[in-house]
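Chemist: Okay, here's the structure, questions in a sec.
Derivation of every value follows stated rules applied to the coordinates shown; laboratory data play no part. All values derive from a computational prediction rather than experimental measurement. With ideal geometry, Cβ positions are generated from the backbone for all residues, glycine too; neighbour counts draw on all protein chains shown.
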Amino acid sequence: VCHKQNSSTQTVLTAPACLLLQVQLRDFKGQPKRYGGDFLLARLHSPKYRAGVAGQVLDHENGLYSVRFPLLWQGSAQFNVMMVHSSEAATVLRRLREKRPDRVFFASIFRHGRHSEKTLCNMCLPPDKGPLCNYTDLHYGEQWYCYKPKGLGCDTRYNHFIEGYAENLITKKEALLFQRFVSRQKLDPVKLATSGYYYQDSWRPLGGVPMRQFNKASAITQCLTNKLVYMYGDSTLRQWFKYLLTKVQKPGPFMAVDVTHNILLNYRFHGLPLRIMPVMINELRYIANELDGLTGGPNTVVTLGIWAHFSTFPVEVYIQRIRHIRKAVVRLLDRSPEIVVVVRTANPQALNEVESLFKSDWVTLQQDIVLRAMFKGINVMWVDAWQMCLAHREPHDVHPPMSLHFDG
């Protein structure tokens, strides 16, 4: 049963049921829009109960939107619906994603003895600007190139780093579409079932998924005892690794050991692209290759989180990367059915009008839909960071507070 609501932002709800809203968007002249494509954020929450759940938004493609909230607790609640990107702004973001994958500059230092040179790098470089060094992965064909330094060989490449960002990507008229940018996005018209909700600041998953609380360090240590934990991904997964470092005896930058409790924690960046400060080349390995090297076993846990650094590339690039990782996960599960594989989804970020041109949540959400679809039917567990962040009262951040993942 859904209760319809049109205007008031506060009501008294009785669970279990749902609340259904109808939203009419208008253009800058105040006239009702007759087409869809806008991006909305919806959340039902209760400060009193420290509760919250993400809403499901349906675009009727005529300026009307339906927003559905499941009513999962009894008591008062407030709903918020926010238009983040107009359809016109989304068109600009789509064009940048497809036509300007070069809007982030990557580089490497080549070094031999005291001589060093810097050249630009990327997945695709114009060959008419100079000879290229080809660093394509031999196993999976993941492409990466650098311009060859004038006085050094391709085998002298030392590190990788972000060089900068392109400017003047959009016109002054297009920039007006982002002036009142808010750092939150809508749930995509592709239906993402509600995975859980917060109540008393505790995440309660739906669908019969068991949930354990780890409110004490000793409980975390007990859970990790006799475990080999391999973490592959971007800095949102490294955030987990750094948190768990505080729970073991001998922490290190990429590996930690607790001899007393027989715990091994291992973290690796995913392969390029990476928008980071200088990192040594030998520290960059593609996830699929790493998974192919694992033996597995009942005490092995693999966690995957890869999304944030692909936002400036066409979605096909992300699809290819996830396809390779998926194949490696399937082979790993065939070798070791007892292994636990955990996939962390993307999450909304705090972005201003300039940052949104490089790492928009609109793009991130498309990647998240790809991720969920490609791992559908495979025996993996999910940490739905997207809905957890949407439902929580904390401001959005590329690195959400750890309480969202471990204390809640």
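Chemist: For MET82, MET211, what ranking results if the residue with the fewest other Cβ atoms within 10 Å of its Cβ goes first?
Modeler: On the way: MET82 13, MET211 10.
So the ranking, lowest neighbour count to highest, is MET211, MET82.
Chemist: Taking H as built 1.01 Å from N, whose amide H comes closer than 5 Å to the amide H of TYR165, not counting residues under 5 places away?
Modeler: Distant-sequence amide H within range of TYR165: PHE105.
Chemist: Expressed in nm to one decimal, what extension gain is obtained for the pair LYS29 and LEU64 from 0.36 nm per residue of sequence separation less their Cα-Cα distance? Intermediate values should be presented prior to the final figure.
Modeler: Working: separation 35, 0.36 × 35 = 12.60 nm, distance 1.69 nm.
The span from LYS29 to LEU64 would gain 10.9 nm if fully extended.
Chemist: Using 7 Å Cα-to-Cβ label points, what is the GLU163/ALA373 separation (nm, one decimal)?
Modeler: Going by the 7 Å Cα→Cβ label model, 3.4 nm.
Chemist: I need the phi-derived Karplus couplings for the stretch 102-111: 6.51 cos²θ - 1.76 cosθ + 1.60, θ = phi - 60°, integer Hz, Gly and Pro marked x.
Modeler: Whole-Hz 3J(HN,Hα) from phi for the stretch 102-111: 8, 7, 10, 9, 10, 8, 9, 9, 9, 9.
Chemist: Using the per-residue mean of other Cβ atoms lying within 10 Å as a proxy for protection, in what order, highest first, do the peptides 229-236, 105-112, 170-177 fall?
Modeler: Values: 229-236: 21.2, 105-112: 19.0, 170-177: 12.8.
Descending packing order for the listed peptides: 229-236, 105-112, 170-177.
Chemist: How high is the FRET efficiency between ARG326 and HIS112 when r is their beta carbon distance and R₀ equals 56 Å, given to the nearest 0.05? Kindly include the intermediate steps, with their values, before the conclusion.
Modeler: Working: r = 39 Å, r/R0 = 0.70.
About 0.90, to the nearest 0.05.
Chemist: For ILE263, what residues show an amide H to amide H distance below 5 Å, using hydrogens built from the backbone and excluding near sequence neighbours?
Modeler: ASN226, ASP258
Chemist: Now a separate question. What is the dipole size for the chain, taken about its Cα centre, with +1 at each Lys and Arg Cβ and -1 at each Asp and Glu Cβ, in debye to the nearest 20?
Modeler: Numbers: 50 positive and 33 negative charges, 58 e Å.
Dipole magnitude for the chain comes out near 280 debye.
Chemist: Under the rule of at least 5 residues apart or a separate chain, name every residue whose amide H is placed under 5 Å from the amide H of LEU132.
Modeler: Residues meeting the amide H criterion: LYS148.
Chemist: What are the ³J(HN,Hα) couplings of the stretch 55-65, residue after residue, when phi is run through the Karplus curve with 6.51, -1.76, 1.60 and θ = phi - 60°? Round to Hz, x for glycine and proline.
Modeler: So the Karplus estimates, Gly and Pro as x, are x, 9, 10, 10, 8, 8, 6, 9, x, 9, 9 Hz.
Chemist: Here's something else I'd like to know. Along the charge dipole of the chain, which of HIS60, PRO210, CYS124 sits closest to the positive end, that is, farthest toward it, with unit charges on the beta carbon of Lys, Arg, Asp and Glu (+1, +1, -1, -1)?
Modeler: Selected residue: HIS60.
Chemist: Here is a follow-up. Starting from the Cα-Cα distance between GLN179 and SER76, subtract it from 0.36 nm times their residue separation and give me the gain in nm to one decimal. Walk me through the intermediate numbers first.
Modeler: Numbers: separation 103, 0.36 × 103 = 37.08 nm, distance 3.40 nm.
33.7 nm is the gain from fully extending GLN179 to SER76.
Chemist: Given (i) 155; (ii) 135; (iii) 232 as candidate values of volume of the Cα convex hull per residue in Å³, which corresponds to the one derived from the coordinates?
Modeler: So the calculated entry is the one marked (i).
Chemist: Same structure, new question: Could you size up the charge dipole of the stretch 30-124 around its Cα centre, putting +1 on the beta carbon of Lys and Arg and -1 on that of Asp and Glu, and report it in debye to the nearest 20?
Modeler: Computed about the Cα centre, the dipole is about 360 debye.
Chemist: Something else now. Go ahead and run the numbers for FRET between ARG50 and PHE105, Cβ-Cβ distance against an R0 of 30 Å, rounding to 0.05.
Modeler: On the way: r = 43 Å, r/R0 = 1.45.
My answer for the efficiency is 0.10.
Chemist: Quote the relative contact order of the stretch 104-165 in percent (integer), defining contacts as alpha-carbon pairs under 8 Å separated by 6+ residues. It would help to have the intermediate numbers written out before the result.
Modeler: Values: 118 pairs, mean separation 28.2, N = 62.
Relative contact order, the stretch 104-165: 45 percent.
Chemist: For the stretch 238-322, which chymotrypsin sites (Phe, Trp or Tyr not before Pro) are both in a DSSP coil and crowded by at most 14 other Cβ atoms within 10 Å?
Modeler: Details: sites: TRP240, PHE241, TYR243, PHE254, TYR267, PHE269, TYR286, TRP307, PHE310, TYR318; in loops: PHE254, TYR286, TRP307.
Of the chymotrypsin sites (Phe, Trp or Tyr not before Pro), the ones in loops of the stretch 238-322 whose Cβ has at most 14 other Cβ atoms within 10 Å are PHE254.
Chemist: Which of rounded, prolate or oblate describes the stretch 30-90 when judged by the alpha-carbon gyration tensor and an a/c cut-off of 1.5?
Modeler: Taking the square roots of the gyration eigenvalues as a ≥ b ≥ c, the stretch 30-90 is prolate.
Chemist: Using unit Cβ charges (K, R positive; D, E negative) and no other charged atoms, how large, in debye to the nearest 20, is the dipole of the stretch 104-165 about its Cα centre? Working shown, then result.
Modeler: On the way: 7 positive and 6 negative charges, 66 e Å.
That gives a dipole near 320 debye.
Chemist: Per residue Cα convex hull volume for the stretch 229-361, in cubic angstrom? Don't skip to the answer; put the middle values down first.
Modeler: Details: hull volume 15.7 nm³, N = 133.
In the stretch 229-361, the Cα convex hull volume per residue is 118 Å³.
Chemist: Checking the table LYS216/LYS242; LYS99/LYS129; LYS118/LYS242; LYS48/LYS247; LYS48/LYS216 against a 22 Å threshold on Cα-Cα, which pairs fail?
Modeler: LYS118/LYS242; LYS48/LYS247; LYS48/LYS216, as the Cα separations exceed 22 Å there.
Chemist: So, one more: Among all the aspartates and glutamates, which ones have a C-alpha under 12 Å from LYS327's C-alpha, if same-chain residues fewer than 8 places away are not counted?
Modeler: Straight-distance partners of LYS327: ASP292.
Chemist: Counting each DSSP H run of 4 or more residues in the chain as -39500 (n - 2.57), what helix-only mean residue ellipticity at 222 nm follows after dividing by all residues, to the nearest 500 deg cm²/dmol?
Modeler: Numbers: 9 runs with 88 residues, N = 408.
Rounded to the nearest 500, the figure is -6500 deg cm²/dmol.
Chemist: Residue by residue through the stretch 377-383, what is 3J(HN,Hα) from phi via Karplus (6.51 cos²θ - 1.76 cosθ + 1.60, θ = phi - 60°)? Round to whole Hz and write x for glycine and proline.
Modeler: The phi angles translate into x, 9, 6, 10, 9, 10, 10 Hz.
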